[in-house]
Amino acid sequence: MPEGHSVHRIARQFGANFVGSAAAVTSPQGRFEVGAAELDGREITSSEAIGKHLLLGFDGTASAPERVLHVHLGIYGAWDFAGAISVDPTILASRAAVGAARMGQTGMRGVGGAGTDGENEESIASIGAPRLARLRAGEQETLAEPAAFPPEPVGQVRVRILTETAVADLRGPTVCEVLEPAQVRALAQRLGPDPEAPTESRAKAEARFVERASRSNQPIGQLLMDQSVVAGIGNVYRAELLFRARIDPHRPGSRLTSDELRALWRDWVKLLRIGVETGQMLTIDGLRGAKRAAALANRADRHWVYKREGLPCRRCGATIVLETMQGRKLYRCPGCQL
């Protein structure tokens, strides 16, 4: 499942290429025809993310009040972009650091895209679930460059958002619905804090995380995956944050000190920012030159414990352990995380 950094990148991509334009909204698959008709022809006014939730605002009139398209990608969801797509200017420098050759060519479906099992996360052509996972889920796609704009919808496109210059196709989401502003506010209140969301200050978000985590007797490894405690963290960031903090995932939240919880939050702020800017869940600090290039090119070189079960810890040499917590894989080092 895409983690919070990917959804923020999607929000930025819509902000850079769609906000301010009137959009033709359709449902080629047919499963979202009513919702698409409600949004069709409106101007896209905003693009925001809270955790793993994308919120696209559409303008309103007296007869047709403002509406918001709410999307949660889930396991198989992804957005594909084509046309005159550019990267948000605030992350151009990071894109150059990753390497333009791996970013794919504008307007090409799948080329430089999501790849398999988390590779090529920094694509601007396809953001979301790994492409092969989507193929296994029944998608039938080609990797050919479209001959004309807009390209014909391919596969099970739930929603197509089309402007004069750009198109975005959504496939396989867990949630795709039209909300009123009051419903969006209620959603934000249910979710835990997100340091990249515009809904509250960083200080308030930190305090809210510390308060929610400290009052629970559930394991901290479970709390970090609870989207009502903190929004946006998934399996990768959970494993890496706890390793970096040398915290046993099984310790109850109530047994962590306020300083430990604040440090966890601030490290999440740091890692999420890196993820948004680079498109990669890069969780090893201090990488330079060839080592940084290798980490950006290959997940095996960018994480401390995630997907490294049975291998020696990079820090202490102990064997990395793979466990299961609430049905999700949990990676930890028994030597460092005591």
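Any read-out appearing in this document is the output of simple, stated calculations on the displayed coordinates, not a laboratory observation. Everything numeric here is computed off the predicted structure, so don't read it as measured data. Because the Cβ atoms are built from the backbone with ideal geometry, glycine has one as well, and the counts that use them run over all protein chains shown.
Computed quantities for the displayed model
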{"quantity": "20 Å reach of a label modelled at ALA24, 7 Å along Cα-to-Cβ, counting backbone N of region 167-205", "calculated": "167-171"}
{"quantity": "Reachable lysines, given that their alpha-carbon falls under 21 Å from the alpha-carbon of LYS307 and they are not under 8 places away in the same chain", "calculated": "LYS291, LYS329"}
{"quantity": "Loop trypsin sites (Lys or Arg not before Pro), region 1-34, which have at most 11 other Cβ atoms in a 10 Å radius of their Cβ (DSSP)", "calculated": "none"}
{"quantity": "10 Å beta-carbon shell around LYS270, net charge (K/R +1, D/E -1)", "calculated": "+1"}
{"quantity": "Under-5 Å amide H pairs with MET325, H placed in peptide plane, nonlocal only", "calculated": "LEU330"}
{"quantity": "For ILE320, distant residues with modelled amide H under 5 Å away", "calculated": "GLY310, LEU311, CYS313"}
{"quantity": "Sorted by Cβ density within 10 Å, fewest first, the residues SER216, SER258, SER47", "calculated": "SER258, SER216, SER47"}
{"quantity": "Ellipsoid equivalent to region 193-332 - semi-axes via the Cα gyration tensor, in Å", "calculated": "24, 19, 12"}
{"quantity": "Karplus-derived 3J(HN,Hα), 6.51/-1.76/1.60, for each residue of region 172-184, Hz, glycine and proline x", "calculated": "x, x, 6, 10, 8, 8, 9, 10, 8, x, 5, 5, 5"}
{"quantity": "Point-charge dipole on Cβ atoms (K/R +1, D/E -1) for region 193-332, about Cα centre, debye to 20", "calculated": "360"}
{"quantity": "Difference of contour (0.36 nm per residue) and Cα-Cα distance, SER258 to GLU309", "calculated": "15.3 nm"}
{"quantity": "3J(HN,Hα) from dihedral phi, region 61-76, Karplus parametrisation 6.51/-1.76/1.60, rounded to Hz, x for glycine, proline", "calculated": "10, 4, 8, 9, x, 3, 9, 10, 8, 9, 10, 10, 5, x, 7, 10"}
{"quantity": "Backbone HN-Hα couplings from phi across region 209-217 [Karplus 6.51/-1.76/1.60, Hz, Gly and Pro as x]", "calculated": "5, 4, 5, 5, 6, 6, 8, 9, 8"}
{"quantity": "Part-to-part distance (alpha-carbon centres) for region 21-57 and region 227-272, which is given in Å", "calculated": "33"}
{"quantity": "Modelled FRET efficiency - R0 25 Å, ARG208 with ASP285, Cβ distances, 0.05 increments", "calculated": "0.45"}
{"quantity": "Long-range amide H partners of SER46 with built H, under 5 Å", "calculated": "GLY57"}
{"quantity": "Zone residues, region 44-84, relative to GLU164, backbone N less than 17 Å from point 7 Å out along Cα-to-Cβ", "calculated": "44-45, 83-84"}
